[in-house]
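Participant: Quick one: this structure, given as structure tokens, is what I'll be asking you about.
The values are calculated or read from the model by the stated rules, or taken from the named source; none is laboratory data. Everything numeric here is computed off the predicted structure, so don't read it as measured data. What goes into the accessible areas is simple: the full protein's heavy atoms, side chains included, and nothing from ligands, DNA or RNA. Shrake-Rupley method; radii C 1.70, N 1.55, O 1.52, S 1.80 Å.
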Amino acid sequence: MTRKNAREIALGCVFECLASGADSEAVLARRLDIPGPADLAGEYVLYSEDPDDQSREYISFVTRTAEANREALLAEISAFSEGWKLERLALMTKSILLLSMTEILFRDDVPAGASINEAVELAKKYDAEKSPAFVNGLLGRFLKSRSDKENV
């Protein structure tokens, strides 16, 4: 399975946790454990290929880490949302931002620039028309603030 497909599955998991309040373990069990992928394959092309071990590790890590750090990450999103209250952001927008910020902060194998580019692509595919620019701008400000802090 490609990282792009694994990222889309992870986005679905992060979204489901955020939207329903479900525990990440329950979401991961439903989406990754047998017969999860087989059941979902009929509805979602992403699940037509069973995730390999590396993809499962990535999906599980990102989903669990986004959930475990949700409040801190949402506070960061709120801080960089220039003119937007967190409550006004769509759940998909928040989910994409949570996913990307989790990658940037907690995954050494995902370059920050690649994570931002992938977040923009996810916003184009799954979110509102103006979301890609918003996601790009917010993540750019977030990344710049991190590099500014590291250079102090």
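Participant: Let a ≥ b ≥ c be the square roots of the eigenvalues of the Cα gyration tensor of the chain; is it rounded (a/c under 1.5), or, if not, prolate (a/b larger than b/c) or oblate?
Facilitator: prolate
Participant: Sticking with this structure for a sec: At a Cα cut-off below 17 Å, give the lysines reachable from Lys85, other chains included and same-chain residues fewer than 8 away excluded.
Facilitator: Correct list for Lys85: Lys94, Lys130.
Participant: Rounding to the nearest 10 and keeping the result within 0 to 90°, find how far the Cα-based axis of helix 91-106 lies from the longest principal axis of the chain.
Facilitator: For 91-106 against the chain, the angle is about 80 degrees.
Participant: Just to verify a number: what accessible area does Ser20 come out at with the full protein assembly present, 1.4 Å probe, Å² rounded to tens?
Facilitator: Taking all protein chains as shown, Ser20 has close to 80 Å².
Participant: So what are the ³J(HN,Hα) numbers for the stretch 128-144, from phi and the Karplus equation (6.51, -1.76, 1.60; θ = phi - 60°), rounded to whole Hz, Gly and Pro as x?
Facilitator: 5, 4, 8, 5, x, 5, 5, 4, 4, x, 5, 5, x, 5, 4, 5, 4
Participant: Any idea what angle helix 112-126 forms with the longest principal axis of the chain, computed on alpha-carbon atoms, 0 to 90 degrees, nearest 10?
Facilitator: Value to nearest ten degrees: 70.
Participant: I want to verify a result. In a Gaussian network model of the chain, Cα cutoff 10 Å, which of these has the top mean-square fluctuation: Arg88, Arg31, Arg56?
Facilitator: Per the Cα network of the chain with a 10 Å cutoff, Arg88 tops the list.
Participant: Could you work out which residue, out of Gly140, Gly21, Gly83, moves most in a Gaussian network model of the chain, that is, has the largest mean-square fluctuation with Cα springs under 10 Å?
Facilitator: Per the Cα network of the chain with a 10 Å cutoff, Gly83 tops the list.
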